[in-house]
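Some notes on the structure that comes next.
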Amino acid sequence: MPTNSIIVRQLNLCDWQSISIAMHQYTSQRNQRSYDQIWLVEHYSIFTQGRTGKSKHILQPSLIKIVQSDRGGQITYHGPGQQIMYVLIDLKRQKIKVKELVSILEKTVINTLNYFEIKAHNRLDAPGVYVKNKKICSLGLRISNGCSLHGLALNVTVDLKPFLIINPCGYADMKMTKIQNYCPNINIDKVRSLLILEFSSLMNYQHIKYQ
């Protein structure tokens, strides 16, 4: 049954625009028989600006494209080596609120990092996951007809330099980090597998279907 099952789609390296369109199409067409889904993807280099994004958080010109997103939050960077997990969840059916989903996503990353002996934490004033006050994972969601779109972006081996030309997530002087800084030989496939297992466990999904 869709209630206790989730579909996982491994999409690898894709452009942001095509995934955004597909994510919105799925959400607009889904019904009570539609499965919740996790989409795992890495994006080509791009800046995405949230719904309330302000241009002042772009600190200098860049050749990297900036696109408007309908997720919450300010500007952030996506690039190869950053594991993105889009969560397409029917919140009404799962009987959870947006704040609960945010907490579950943060806990998913904290538990995943703990596997690699990286001690991480969340912050009440700034959604996401941090290691010694450096941000390692960004969160951004949109809710449409009771269903979530977008999700989390976890820095694994991604080049962090593009974050220097923005205020990441709208916070001046926010320092970014990545798993590779603590585990030089990190395998992104292992990170991916752990994210799936931790999120599915926290959400109480009994069956994981891979596509």
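Counting only DSSP beta bridges with both residues in the chain, the antiparallel share comes to about 65 percent.
The trypsin sites (Lys or Arg not before Pro) of the range 153-211 meeting both criteria, a DSSP state outside H, G, I, E and B (loop) and at most 16 other C-beta atoms within 10 angstrom of the site's C-beta, are K175. Annotation for the range 100-167 versus the range 10-41: alpha-carbon center distance of 20 Å. For the chain, adding -39500 (n - 2.57) for each run of n ≥ 4 DSSP H residues and dividing by the number of residues yields -7500 deg cm²/dmol at 222 nm.
Full extension of the chain between K175 and K99 gives 24.9 nm of extra length, using 0.36 nm per residue less the Cα-Cα distance. Taking amide H atoms as placed 1.01 Å from N in the peptide plane, the amide H of D159 has no partner under 5 Å among residues 5 or more positions away or on other chains.
List the pairs from K56/K92; K65/K95; K56/K178 whose alpha-carbon separation is above 29 Å, in the order I gave them. Where the Cα-Cα span goes over 29 Å, the pairs concerned are K56/K92; K65/K95.
Using a cutoff of 8 angstrom between alpha carbon atoms and counting only pairs six or more residues apart, the relative contact order for the chain works out to 26 percent. In this structure, the amide hydrogen of V8, modeled 1.01 Å from its nitrogen in the peptide plane, lies closer than 5 angstrom to those of I38, K209, Y210, Q211, counting only residues at least 5 positions away or on a different chain. Restricting the GluC sites (Glu not before Pro) of the range 91-193 to loop positions (DSSP other than H, G, I, E, B) with no more than 11 neighbouring Cβ atoms within 10 Å leaves E117. Straight-distance candidates among the aspartates and glutamates for linking to K99, with alpha-carbon spacing under 19 Å and chain neighbours fewer than 8 residues away dropped: D36, D70, D90, D125, E198.
Around V8, under 14 Å between beta carbons, what's the net of Lys plus Arg minus Asp minus Glu among the other residues? Charge balance in the 14 Å sphere: 0.
The numbers here are math on the coordinates, done by the rules we state, and not lab data. Model, not experiment: these values are computed from the prediction. All Cβ positions, even for glycine, are placed from backbone atoms using ideal geometry, and neighbour counts span all protein chains on display.
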